[in-house]
Amino acid sequence: MSGRMIVAGASLGGLRAAEQLRAAGWTGGITVIGDEPHPPYNRPPLSKEVLAGKASFDSLAFTPKASATDVEWRLGTRIVSARLAGRTVELDDGAVLSYDGLVVATGMRPRRLRCPGPVAGRHTVRTIDDAQVLRDELIRPGARVVVVGAGFIGCEVAATAVGLGAAEVTVVDPLPLPMVAPLGEPLARELRRRHEERGVRFVLGAGVAGFEGGDRVTGVVLADGSVLRADVVVESVGSVANTEWLEGNGLDLSDGVLTDGQLRVGGRPDVVAVGDVARFPNARYDGVPRRVEHWSVPTDSAKHAAKVLVAGDAGPAPFAPLPTFWSDQHDFRLQSFGAPALGLGDIRVLDGDLTGDVLVGYHRDGLLVGVVALGGLSAARTAARYRAELLQQPALTPQGALS
Ligand SMILES: Cc1cc2nc3c(=O)[nH]c(=O)nc-3n(C[C@H](O)[C@H](O)[C@H](O)COP(=O)(O)OP(=O)(O)OC[C@H]3O[C@@H](n4cnc5c(N)ncnc54)[C@H](O)[C@@H]3O)c2cc1C
């Protein structure tokens with residue numbers, strides 16, 4: 001087999017795509033292009049063990065499978081544009097590379113708050129470099145930390161900051177509860193209680209209007225004019241897809257890159273997307289295209305997309321992953337299987353009780369569509385026992401009726 005596959009993005013999705021292209025039988029060249037200087041590394045510990053100093057930065061690197069040792073890595077190199085019709089990508093050093101197949105795996109970057117005020121002292125956590133800088137700030141004695149955004153990463157960073165001994169840790173969010181959008185009210189309320197019990201303060205239902213300070217931030221100004229004193233600010237307000245390099249090809253880039261049910265981009269047999277950046281319809285659910293920013297998706301999607309790219313039209317059945325995520329905060333873990341967000345209208349406690357180890361089920365039209373455990377590892381194991389049931393559920397239609 002001759003020719004070349006180009007993988008755009010050298011993180012989890014890019015690495016798994018390269019490995020899976022070999023597993024799918026591609027014997028031609030593979031070039032992985034990534035704008036970070038580092039070989040692929042694991043991001044989840046950046047807001048947890050590594051930020052806490054419980055694991056080293058060196059421990060983050062992935063070890064590529066033996067099948068992928070002949071892959072060409074072009075790191076510290078950004079793709080600036082692509083011409084899908086001509087099957088080329090252009091790099092920031094001016095080189096233009098031709099491909100036979102292209103894997104889009106360029107992921108996300110943190111959204112930033114566009115508010116007036118100083119920039120120094122304001123952080124995001126996406127890369128190894130981000131986490132290294134933030135850790136140095138969090139371990140400064142007496143640090144007052146304000147986390148803007150009570151989603152997964154915001155809650156994880158707040159928990160880690162408490163564990164590091166920060167003098168004050170405050171989480172600000174316009175929503176009424178932390179992580180309420182993915183978890184629903186009962187668990188989000190309990191999550192708040194657990195964080196508060198361990199030293200996190202929440203300022204909820206509040207927007208950020210700006211930042212105070214001279215050379216660096218000293219306070220966060222809220223929409224009502226009040227000010228939270230801060231030495232360190234962590235902005236955790238969502239993410240933006242890295243798709244600018246794909247502009248000009250007539251693609252739907254409104255939220256990541258839209259794919260079909262086979263992860264193909266723009267109806268082309270030679271371009272697929274994987275990982276956080278891919279907005280795909282999941283045949284397991286209602287067929288509505290969504291991006292899923294969970295660690296399991298780059299691996300699942302790379303496995304599927306590689307087969308599609310190598311097999312051409314005779315691809316596998318449509319992509320239908322069972323999403324899974326975990327989130328470690330303080331001494332507890334959230335563990336999810338399925339798509340809880342599709343069942344927020346019918347939430348039931350399946351095991352345990354909310355103040356202890358608990359397993360919550362999310363239903364749509366009476367069908368179980370997701371479970372989330374909150375508590376110790378035994379709760380996470382209980383959640384895992386529901387995988388088989390979730391895998392056996394019939395697909396949903398967009399209206400939520402059985403198909
Ligand atoms: C701090 C943190 C904690 C997390 N914790 C959890 C967790 O506990 N549980 C969980 O399930 N998930 C977690 N995740 C999510 C998980 O890490 C992501 O889903 C996963 O990293 C996505 O991988 P990806 O390869 O699709 O994208 P990314 O990891 O975003 O990689 C994309 C790569 O492409 C590069 N790139 C972008 N544009 C270009 C370009 N034009 N040219 C070349 N390269 C480019 C980027 O710099 C990046 O290196 C966490 C994420 C973060 C950031």
### Summary
Of the residues in segment 339-361, those that are open to solvent by 20 Å² or more (accessible area, probe 1.4 Å), on the phi < 0 side of the Ramachandran plot and either assigned to a strand (DSSP E or B) or in contact with a helix residue (DSSP H, G or I) (Cβ under 8 Å, 6 or more places away or on another chain) (or both) number 9
### Message
Name the single residue that is nearest to THR243 (Cα to Cα) among those in segment 69-87 being open to solvent by 80 Å² or more (accessible area, probe 1.4 Å) and part of a loop (DSSP other than H, G, I, E, B).
### Response
ARG78
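Please specify each residue of segment 295-320 satisfying the condition of being within 13 Å of the ligand (Cβ to nearest atom) and either buried (at least 19 other Cβ atoms within 10 Å of the Cβ) or hydroxyl-bearing (Ser, Thr, Tyr) (or both). It would help to see each step written out before you state the result.
In the first step, residues of segment 295-320 are kept if they are within 13 Å of the ligand (Cβ to nearest atom); the result is 295-302, 305.
If the condition is that a residue be within 13 Å of the ligand (Cβ to nearest atom) and either buried (at least 19 other Cβ atoms within 10 Å of the Cβ) or hydroxyl-bearing (Ser, Thr, Tyr) (or both), then SER296, VAL297, PRO298, THR299, ASP300, SER301, ALA302, ALA305 are the ones that fit.
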### Query
Of the residues in segment 1-57, how many are touching a Gly at 6+ places or on another chain (Cβ under 9 Å), within 14 Å of GLY275 (Cα to Cα), outside any strand (DSSP E or B) and open to solvent by less than 30 Å² (accessible area, probe 1.4 Å)?
8
### Query
What number of residues within segment 222-247 are within 12 Å of the ligand (Cβ to nearest atom), charged (D, E, K, R) and either buried (at least 21 other Cβ atoms within 10 Å of the Cβ) or in a loop (DSSP other than H, G, I, E, B) (or both)?
1
### Query
What pairs come up if the first residue lies in segment 349-369 and is within 23 Å of LEU391 (Cα to Cα), the second is hydroxyl-bearing (Ser, Thr, Tyr) and assigned to a strand (DSSP E or B), and their beta carbons are under 9 Å apart, counting only those six or more places apart or on different chains?
LEU368/TYR362; VAL369/TYR362
### Query
So LEU368 clears everything in (1) at pLDDT 95 or above; (2) surrounded by fewer than 16 Cβ atoms within 10 Å (Cβ to Cβ) except one condition, right? Which one?
(2)
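Quick one: would you say LEU60 is surrounded by 19 or more Cβ atoms within 10 Å (Cβ to Cβ) and near the ligand (Cβ under 8 Å from one of its atoms)? Spell out the reasoning first.
Details: surrounded by 19 or more Cβ atoms within 10 Å (Cβ to Cβ): yes; near the ligand (Cβ under 8 Å from one of its atoms): no.
Considered against the rule, which asks whether it is surrounded by 19 or more Cβ atoms within 10 Å (Cβ to Cβ) and near the ligand (Cβ under 8 Å from one of its atoms), LEU60 comes out as no.
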### Query
Among ASP130, ASP136, which is the only one that is at pLDDT 95 or above, of a type outside the set (A, V, I, L, M) and within 22 Å of the chain's Cα centre (by Cα)?
ASP130
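May I ask you to list the residues in segment 323-338 that are within 17 Å of LEU391 (Cβ to Cβ) and open to solvent by 30 Å² or more (accessible area, probe 1.4 Å)? Explain how you work it out, then say what you get.
Step one: list which residues in segment 323-338 are within 17 Å of LEU391 (Cβ to Cβ), which gives 323-325, 335-338.
The one that is within 17 Å of LEU391 (Cβ to Cβ) and open to solvent by 30 Å² or more (accessible area, probe 1.4 Å): THR324.
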### Matching option when the condition is open to solvent by 20 Å² or more (accessible area, probe 1.4 Å), at negative phi, among the acidic types (Asp, Glu) and in contact with a Leu (Cβ under 9 Å, 6 or more places away or on another chain), among GLU185, GLU196, GLU212
GLU185
### Query
Of the conditions (1) in contact with a strand residue (DSSP E or B) (Cβ under 7 Å, 6 or more places away or on another chain); (2) more than 24 Å from THR355 (Cβ to Cβ); (3) of a type in the set (D, E, K, R), ASP215 fails just one. Which one is it?
(1)
### Task
Would you check which residues across segment 282-335 are of a type in the set (Lys, Arg) and part of a loop (DSSP other than H, G, I, E, B) and list them?
ARG284, ARG291
### Message
Please count how many residues of segment 130-178 are touching a residue at least 60 places away in the same chain (Cβ under 8 Å), of a type in the set (A, V, I, L, M, F, W, C) and under 23 Å from GLY361 (Cβ atoms).
### Response
2
### Query
Restricting the search to segment 269-280, which residues are more than 10 Å from LEU102 (Cα to Cα) and open to solvent by 10 Å² or more (accessible area, probe 1.4 Å)?
ASP276, ARG279
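The values are calculated or read from the model by the stated rules, or taken from the named source; none is laboratory data. Remember, predicted model here, so these are calculated numbers, not experimental data. Cβ coordinates were reconstructed from backbone atoms using ideal geometry, including for glycine residues, and neighbour counts include every protein chain displayed. Areas reflect the complete protein model, heavy atoms only, side chains present, ligands, DNA and RNA absent. Shrake-Rupley method; radii C 1.70, N 1.55, O 1.52, S 1.80 Å.
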